[in-house]
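Shown next, in structure tokens, is the structure this report addresses.
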Amino acid sequence: MRITQGCFSFLPDLTDEEISAQIEYCLGRGWAIGIEHTDDPHPRATFWEMWGNPMFDLRDAKGVMMELDDCRKANPDTYIRINAFDNTRGFETVTMSFLVSRPAVEPQIIMRRTEVDGRAIRYTHEVAR
Amino acid sequence: MNEMSKTEITDKKKRYAAGVLKYAQMGYWDGDYEPKDTDILALFRITPQEGVDPIEAAAAVAGESSTATWTVVWTDRLTACDQYRAKAYKVEPVPGQPGQYFCYVAYDLILFEEGSIANLTASIIGNVFSFKPLLAARLEDMRLPVAYCKTFKGPPTGIVVERERLNNFGRPLLGATTKPKLGLSGKNYGRVVYEGLKGGLDFMKDDENINSQPFMHWRDRFLYVMEAVNLASARTGEIKGHYLNITAGTMEEMYRRAEFAKQLGSVIVMIDLVIGYTAIQSISEWCRQNDMILHLHRAGHGTYTRQKNHGISFRVIAKWMRLAGVDHIHAGTAVGKLEGDPMTVQGFYNVCRETHNPVDLQRGLFFEQDWADIRKVMPVASGGIHAGQMHQLIDLFGDDVVLQFGGGTIGHPMGIQAGATANRVALESMIKARNEGVDIATEGPEVLRRAAKWCKPLEAALDTWGNISFNYTSTDTSDFVPTASVS
């Protein structure tokens, strides 16, 4: 199944040129770019592995694309996302996040039901490997 | 200032002689008054009765919303009464509206209990709107000093934490109200929720009048809806939510419903504005203790916000709600089926989302407002909007907004999932194009047409609604042209 996390997952996968244009947009607004990867796309898997720290001092999309290439080579067949961080007071969080790589075969997410009191159910999700 | 700037009687014997004095003579008008940083400021638009002097009318507003009664009372002299009197300090004719005046009133902070919207409103809008010498009055705007803001906790979650919890960054959130609003059984209702969320929406929503009617008991609704929410999450890998409306006849029942929503793992609950300010503050406190996002539907507001000459501007309600502590608030669409001048609506959004509002007369913001780091409220655009307006909505409101397409999702000719997908594709295409430097205000329709070439549901949506617009004149616009003061 296609995981639709991130802000462009309903569009056809972005080309490198399109990724680069989005990075330019982020850098133009003074946001720092971070690259993260994982094999666990659970909806609540908050902390993906960082491909180094967010690149606070980098002002050129080409540099990010080189890092992304390295990350893709080192982590083939995983999910990779680009995050942009805004450190403006009152925001101070991720301000944009989109997927730039997916595994060839994406895993299923299984919903497990535990029947509890009355008709209530506790739901948990598991990534099928 | 001329000789009109002070008309207060300063001779104490004359001032406190039994009888009736003009409000201005009692000290509720001071054209020389310089508001303190800690004063609460209010701007009223007043329409005095024929023959009533606007300055005396303004003084009466200040008097009736603070210490005055209709006659002189000697017991004032037991108090530091000068400081308890609110002071009207500026009166200006409203541009283009003969007979109407903007009157500015300052209130000392001691007049208000900390952390209570009920107390604030009992003063500011308690009596004065029924006052006979005024034909009509409207509370246009307020400045809430930092010292006062810091007595409120504000939104339990706020925009930043909501996005972190939902793992959703870089685009507006998408929602839809379940339709028809009345009559669906719990099972049928949950079906609509599942289809909308799986198709691409982040949130589905109860409508304001879905509570616990004979056709659908609230527990049934909650159970089926949460099955739908969790299944949609499994099918997409995204965090999904449904605003479970917990509005009920008593606080006890509201807490009961909120607890059940929490047990079932909902990320969000919903209330209606009609439950009242104190109930809102109470449930906000519950949400803060239970990691719950709080959605507020502004049900009923149109009865007092819509007409320019009488009532309360919605920007004031938005300010009160940011203090009272809600995470979402319906704040208008400008382009949809419900009332809203675009600039005025942007003013409401700025009240919800900015850390500091500068004076912005075109958007109806008459005062500078420092929010003292109180969290931001996510505005919700809902009511008669569709995918074909995506470029206008993003251009008007930016990223931090929930766009809710109810009929525009559920009424899609190819089904609810297709309706949701059309909206999501329209949204993501438009954000991507904007970020690439496309001027979406003018080229938006072309962006949508290009996406519709590969996305059939979007093509069908544009064919169905592409030409629908609601071009009616707004009643609530800002009368902002600055003119000379009458005093």
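Here residue B:226 qualifies as modelled with pLDDT of 95 or more and in contact with a His (Cβ under 8 Å, 6 or more places away or on another chain). Conditions: (1) touching a residue at least 40 places away in the same chain (Cβ under 8 Å); (2) crowded, with 23+ Cβ neighbours inside 10 Å; (3) within 14 Å of another protein chain (Cβ to nearest Cβ). Residue B:374 meets all but one. Number of the miss? All conditions are met except number (2). Against the definition (touching a helix residue (DSSP H, G or I) at 6+ places or on another chain (Cβ under 8 Å) and assigned to a helix (DSSP H, G or I)), how does residue B:59 come out, yes or no? Answer is yes for this residue. The residues on offer are B:148, B:107, and the sole one that is modelled with pLDDT of 95 or more, surrounded by 17 or more Cβ atoms within 10 Å (Cβ to Cβ), within 22 Å of the chain's Cα centre (by Cα) and among the aromatic types (Phe, Trp, Tyr) is B:148. Residue B:455 meets each of the listed conditions (1) within 11 Å of chain A (Cβ to nearest Cβ); (2) within 19 Å of residue B:328 (Cβ to Cβ); (3) touching a helix residue (DSSP H, G or I) at 6+ places or on another chain (Cβ under 6 Å) apart from (2). The residues listed here are B:351, B:316; of these, the one that is over 17 Å from residue B:208 (Cβ atoms), part of a helix (DSSP H, G or I), more than 14 Å from chain A (Cβ to nearest Cβ) and out of contact with any helix residue (DSSP H, G or I) (no Cβ under 7 Å at 6 or more places or on another chain) is B:316.
Among the residues making up the stretch B:372-390, those that are out of contact with any strand residue (DSSP E or B) (no Cβ under 7 Å at 6 or more places or on another chain) and outside any loop (DSSP other than H, G, I, E, B) are B:387, B:388, B:389, B:390. Scan the stretch B:14-28 and tell me whether some residue there is in a helix (DSSP H, G or I), more than 20 Å from residue B:123 (Cα to Cα) and of a type in the set (Lys, Arg). Yes, the stretch B:14-28 contains a residue that is in a helix (DSSP H, G or I), more than 20 Å from residue B:123 (Cα to Cα) and of a type in the set (Lys, Arg). Residues of the stretch B:178-206 that are β-branched (Val, Ile, Thr) and at pLDDT below 95: B:178 alone. Criterion first (under 30 Å from residue B:156 (Cβ atoms), modelled with pLDDT under 95 and surrounded by fewer than 19 Cβ atoms within 10 Å (Cβ to Cβ)) does residue B:407 satisfy it? No.
One residue alone among B:143, B:138 is more than 23 Å from residue B:376 (Cβ to Cβ), surrounded by 17 or more Cβ atoms within 10 Å (Cβ to Cβ) and under 17 Å from the mean Cα position of the chain (by Cα), and that residue is B:138.
The values are calculated or read from the model by the stated rules, or taken from the named source; none is laboratory data. Given the structure is predicted, the values throughout are model-derived calculations rather than measurements. All Cβ positions, even for glycine, are placed from backbone atoms using ideal geometry, and neighbour counts span all protein chains on display.
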